[in-house]
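The values are calculated or read from the model by the stated rules, or taken from the named source; none is laboratory data. The structure displayed is predicted, hence computed values, not measured ones. When we count neighbours, we look across all protein chains shown, and the Cβ atoms used for this are built from the backbone with ideal geometry, even at glycine.
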Amino acid sequence: MESWIHVSEKVKLKNPILIEGLPGIGNVGRVATGYLINQLKMKKFAELYSPHFLPLVLVHENSEVHVLNLEFHYMKGKRDIVVLTGDTQSISPEGHYEICSKIVEFAETLGIKEIITLGGFSEGKSMSKPAVLAAVNNKEMIKKYKKFDIDFGKKHQVGTIIGASGLLLGLAKPKKIDGICLLGETSGMPMLTDPNAADAILHILVKILGIKLDFTMLEKSIVEMQERIKKSDGLHKRMLEQLGAKEEPVRYIG
C-alpha cells in the first residue's frame, strides 16, 4: 500500500504558495502552521494518509478515533496560500521519500511554483531572541529574500536538514518548484515546544506573504495545542522504542 491523498474539496488557486510545518525539533514548524491556520481561518481541503505513519489512532475525549495524517488548508487572497501541517512524519527513510514525493506531485497539480518549509535549528540552549536561518534549492531565492532578517549562512552553516522540511526542497527542485526552508533557533529538545522560535519564523513569514497576523494569541494557542502535541509525540517515541528504532544524534530536524 502506498501513501495517498484524499481531496475533500477541489479548489482553483491563483499563484499559490505552499507553506509546510510538521513535527520536529521544538515543534517549530508545527506550531507556526497551526497558528496560521487558526488565525487566518483557513479551510481544510485535502488529507494525506500513509502506511509509513505509526500504526495507531488517537482517541479523543468523546471516544472518537483520529487516524494520524497530514492536512492541506487554503486561503484565498492577493496570492493564495496553502498550508500543510499534521500529526507526524514518516517512521522510515523510504516513507519520507514516498510521502514528500506525493506532496510535491500534489503541489504540481495545484499550480504551486514555490514552497516555504519551516523547522527548528538546534542550538542546545534557549534563545531569548532566536535568529531565523535558511537554506534554498535555487540560489536566486537568496537574492529574493535577502531583504528579510534571515541568516543565509553568516552566523551558522546549515549542513543537514532531516525530514520533510529539507527533503521537500530537494524533490521540488527537478520539478522547477523553488523552495526555501526557514529554521528558527531552538534548544533542540524534540519534546519541548519552543514558542519563541515559532514566533520568530512567523514574523518573517507574514512579511514574505504580505499578510497581517495577530500575535497576541500565540502563547494561548500553544497551550491549547500542547496537550495534543504531547500525546502524539509521546506515542511516537514509545512506538519507535517498541519497533526497535534507534535514535541517532542529529542537529537539524525539519
Inset, instruction - Those residues that are under 19 Å from the mean Cα position of the chain (by Cα), part of a loop (DSSP other than H, G, I, E, B) and under 16 Å from CYS181 (Cβ atoms), I need them from the stretch 102-142; list them, please. - result: ILE112, PRO130, ALA131, ASN137
Legend entry - Residues within the stretch 56-87 that are β-branched (Val, Ile, Thr) and touching a helix residue (DSSP H, G or I) at 6+ places or on another chain (Cβ under 6 Å), tallied: 2
Legend entry - Per-region count, the stretch 119-156, residues of a type in the set (Gly, Ala, Ser), more than 24 Å from LEU36 (Cβ to Cβ) and modelled with pLDDT of 90 or more: 0
Legend entry - Tally of residues being crowded, with 19+ Cβ neighbours inside 10 Å and either under 19 Å from LEU168 (Cα atoms) or aromatic (Phe, Trp, Tyr) (or both) across the stretch 35-54: 6
Legend entry - Test: residue in the stretch 64-73 that is of a type in the set (A, V, I, L, M, F, W, C) and within 16 Å of LEU167 (Cβ to Cβ): yes
Inset, instruction - Can you confirm whether the stretch 99-118 contains a residue that is at pLDDT below 95, more than 20 Å from LEU40 (Cα to Cα) and surrounded by 18 or more Cβ atoms within 10 Å (Cβ to Cβ)? - result: no
Inset, instruction - For GLY26, state whether it is at pLDDT below 95, surrounded by fewer than 21 Cβ atoms within 10 Å (Cβ to Cβ) and not basic (Lys, Arg). - result: no
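Which helices (runs of 4 or more DSSP H) sit wholly inside the stretch 157-247 and have at least 2 residues that are touching a Ser or Thr at 6+ places or on another chain (Cβ under 8 Å), modelled with pLDDT of 75 or more and under 24 Å from PHE53 (Cβ atoms)?
Working: elements: 164-172, 195-209, 218-243.
Hits in the stretch 157-247: 164-172.
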Inset, instruction - From GLU9, GLU20, grab the single residue that is outside any helix (DSSP H, G or I), farther than 20 Å from THR88 by Cα and modelled with pLDDT of 95 or more. - result: GLU9
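Please work out which residue is modelled with the lowest pLDDT, limiting yourself to the stretch 76-91 and to residues that are out of contact with any Phe, Trp or Tyr (no Cβ under 6 Å at 6 or more places or on another chain) and within 13 Å of GLY34 (Cα to Cα). Even if it seems obvious, please write down each step before you answer.
The first filter runs over the stretch 76-91 and keeps only residues out of contact with any Phe, Trp or Tyr (no Cβ under 6 Å at 6 or more places or on another chain), leaving 76-81, 83, 85-87, 89-91.
Now drop any that are not within 13 Å of GLY34 (Cα to Cα), which leaves 83, 85-87.
Working: VAL83: 98, THR85: 97, GLY86: 95, ASP87: 90.
By that ranking, first place goes to ASP87.
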Inset, instruction - Go through the stretch 143-156 and give me each residue that's in a helix (DSSP H, G or I) and free of Cβ contacts under 8 Å to residues at least 12 places away in the same chain. - result: LYS143, LYS144
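Identify the residue in the stretch 1-20 that is within 26 Å of VAL67 (Cβ to Cβ) and aliphatic (A, V, I, L, M) and, among all such residues, is surrounded by the fewest Cβ atoms within 10 Å (Cβ to Cβ). Steps first, answer last, please.
Our first condition is that a residue be within 26 Å of VAL67 (Cβ to Cβ); within the stretch 1-20, this holds for 1-11, 18-20.
From the residues that got through so far, the ones that are aliphatic (A, V, I, L, M) too are 1, 5, 7, 11, 18-19.
Working: MET1: 7, ILE5: 17, VAL7: 12, VAL11: 15, LEU18: 25, ILE19: 24.
Across the stretch 1-20, the extreme among qualifying residues is MET1.
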